[in-house]
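Visitor: Right, I'll just put the structure down here and ask away after.
The values are calculated or read from the model by the stated rules, or taken from the named source; none is laboratory data. Keep in mind the model is a prediction, meaning the values are calculated, not measured. Glycine also receives a Cβ, built like all others from the backbone with ideal geometry; neighbour counts cover every protein chain displayed. For the accessible areas, the whole protein counts, side chains as well, though only heavy atoms, and no ligand, DNA or RNA atoms are used. Shrake-Rupley method; radii C 1.70, N 1.55, O 1.52, S 1.80 Å.
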Amino acid sequence: MELFSSASLWAYGSVWLLFTFLALFKRSNSDMVLSPALVIYVVLLVLFEWFCHMYLPVLVGILLLSSACWYILGIASPRRMLPIAGKTVFITGCDSGFGKATAETLHSMGFKVIASVLNLESPGAKDLQKSCSKRMTLIQMDLTKTEDIQKAQQIIRMQTADTGLWALVNNAGYCAHFGDAELTMESTYRACMEVNFFGTVEITKALLPLIRYAKGRIVTVSSPAGDISFPYLAAYGASKAALTRVMDLFRHELFPWGVKVCIIQPGAYKTGAHYNPSYWERQNQKLLTRLPTELLQEYGEEYITDTVNQFLEYGKNACTDISPVTNSILDAVLSENPKVKYYVGKGIWLLYLIFMYVPENITSQIVRSLFSKRKCAPRSLRKQMKNSGQD
């Protein structure tokens with residue numbers, strides 16, 4: 001077998017030439033540190049190139065080798081962090097979870113932090129009040145209320161009149177229902193959009209003059225559910241899809257102003273009420289009482305309850321350590337050259353890789369295998385299966 005053809009030789013040689021050029025460029029700008037680990041990475045890269053050349057089609061091999069080179073350039077480049085002095089950050093949704101942890105972390109580092117909470121009497125708000133200094137300001141804000149957003153804008157403007165607002169961290173989010181799209185109430189779709197999209201866009205636009213003045217950052221916590229069609233998350237996924245798209249547009253449009261826009265895509269983490277069984281039991285009971293009788297009979301109460309229980313089972317495997325998310329938010333806020341998107345969580349990059357490059361008929365099978373492990377099917381469907389002899 002001929003090891004090298006002229007076409008593949010030029011293709012792989014071009015990748016190595018570009019990799020060498022970028023490595024030398026980063027080295028000349030002190031963005032790359034020579035270390036034993038880097039040498040090992042390069043040796044592994046050579047072996048990987050040999051494997052790709054020997055066993056893969058040229059196009060696939062070039063794609064994989066280019067991805068590996070880009071990854072190594074990324075991990076070999078230390079992040080240049082900006083000074084903290086004089087910088088103010090506004091974080092939404094700090095009652096618990098990512099928002100509360102981020103507020104505590106940035107405050108401990110020396111940032112001036114303005115944190116919004118839904119309820120100033122919540123346990124999370126009281127914890128922040130007790131543990132933080134005068135550099136922490138708590139404000140009550142409901143993203144569905146324009147008057148709350150206007151009050152927050154006034155407070156932030158008064159506190160950042162001289163410096164502008166360095167960073168807005170859009171963390172507040174809402175998910176009210178796990179279930180089929182047909183079973184999701186219109187009010188649920190609207191509630192998710194009001195918080196996750198409309199409210200977030202409104203507060204972002206309200207604070208943009210201050211962010212532009214500081215040439216600062218917009219950091220938004222979205223969700224993989226906005227990029228990948230996970231069953232039973234129709235309202236939440238649709239709102240996050242809209243949010244991700246508008247933030248991408250902000251990124252392009254605000255680039256000439258010197259404003260950087262970053263999106264955080266966290267995997268499954270145990271935060272807030274999302275993994276609280278009693279919360280979802282209450283939400284399930286609300287749904288059962290509001291569903292039209294005909295639709296409830298079609299699906300059956302047992303099927304609807306089983307959907308919630310299935311997601312609670314998934315939630316048991318969610319990560320309790322949320323520091324990777326807060327670290328990603330910190331990097332987006334303070335790095336000289338932050339990433340456009342941060343994919344945070346165990347295996348999240350593999351999930352995106354699969355759904356971006358694997359044919360849809362295969363990914364559809366993967367989705368069904370993950371979300372079809374049901375103890376029961378919809379009531380009417382069970383009758384059809386029984387009549388056809390499949391049950």
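Visitor: Which of the GluC sites (Glu not before Pro) found in segment 120-224 are in a DSSP loop and have at most 14 neighbouring Cβ atoms, other than their own, within 10 Å?
Guide: Values: sites: E121, E147, E182, E186, E194, E202; in loops: E121, E182.
The qualifying sites are E121, E182.
Visitor: Hey, another quick one. What residue among K145, K260, K134 shows peak mean-square fluctuation when the chain is described by a Gaussian network model with Cα springs under 10 Å?
Guide: Greatest mean-square fluctuation among the candidates belongs to K134.
Visitor: Cβ neighbours within 10 Å, averaged per peptide: list 238-244, 58-64 in order, most packed at the top.
Guide: In descending order of packing, they fall as 238-244, 58-64.
Visitor: Using DSSP, restrict attention to beta bridges with both residues in the chain and report what percent are antiparallel, rounded to the nearest 5.
Guide: 5 percent
Visitor: Rounded to whole Hz and in sequence order, give me ³J(HN,Hα) for segment 138-144 from the Karplus expression 6.51 cos²θ - 1.76 cosθ + 1.60, θ = phi - 60°, writing x for Gly and Pro.
Guide: 9, 10, 8, 8, 10, 5, 8
Visitor: Whose amide H sits under 5 Å from the amide H of T137, counting only residues 5 or more places off or on another chain, with H placed in the peptide plane?
Guide: V113, I114, A115
Visitor: Between segment 216-232 and segment 145-203, what is the C-alpha centre distance in whole Å?
Guide: Cα centroid to Cα centroid, the span is 14 Å.
Visitor: While we're here: Under 21 Å Cα-Cα from K339, which lysines qualify once same-chain neighbours fewer than 8 residues away are excluded?
Guide: Within the straight-line cut-off, K339 pairs with K26, K87, K215, K240, K260.
Visitor: Over segment 160-303, with every protein chain in place, what whole percent of the accessible area is carbon and sulfur at 1.4 Å, could you tell me?
Guide: Within segment 160-303, the accessible surface is 54 percent carbon and sulfur.
Visitor: Now, a different point. So what is Rg over Rh here for segment 233-383, counting just Cα atoms and using Kirkwood for Rh?
Guide: 1.04
Visitor: Regarding segment 304-345, what whole-number volume in Å³ per residue does the convex hull of its Cα atoms give?
Guide: Expressed per residue, the convex hull around the Cα atoms of segment 304-345 is 81 Å³.
Visitor: Would you mind working out the accessible area per residue for the chain, using a 1.4 Å probe, and quoting it in Å²?
Guide: I get 54 Å² per residue for this part.
Visitor: If we sort 352-358, 319-325 on the protection proxy, mean other Cβ atoms within 10 Å, highest first, what's the order? If you can, show how the numbers build up before the last one.
Guide: Values: 352-358: 13.1, 319-325: 15.3.
Output ranking for 352-358, 319-325: 319-325, 352-358.
Visitor: Mind listing the Cα extents of segment 70-156 along all three principal axes, in Å, largest one first?
Guide: 46, 27, 25
Visitor: Where the Cα atoms of the chain are projected onto their three principal axes, how long is each span, largest first, in whole Å?
Guide: 69, 68, 34
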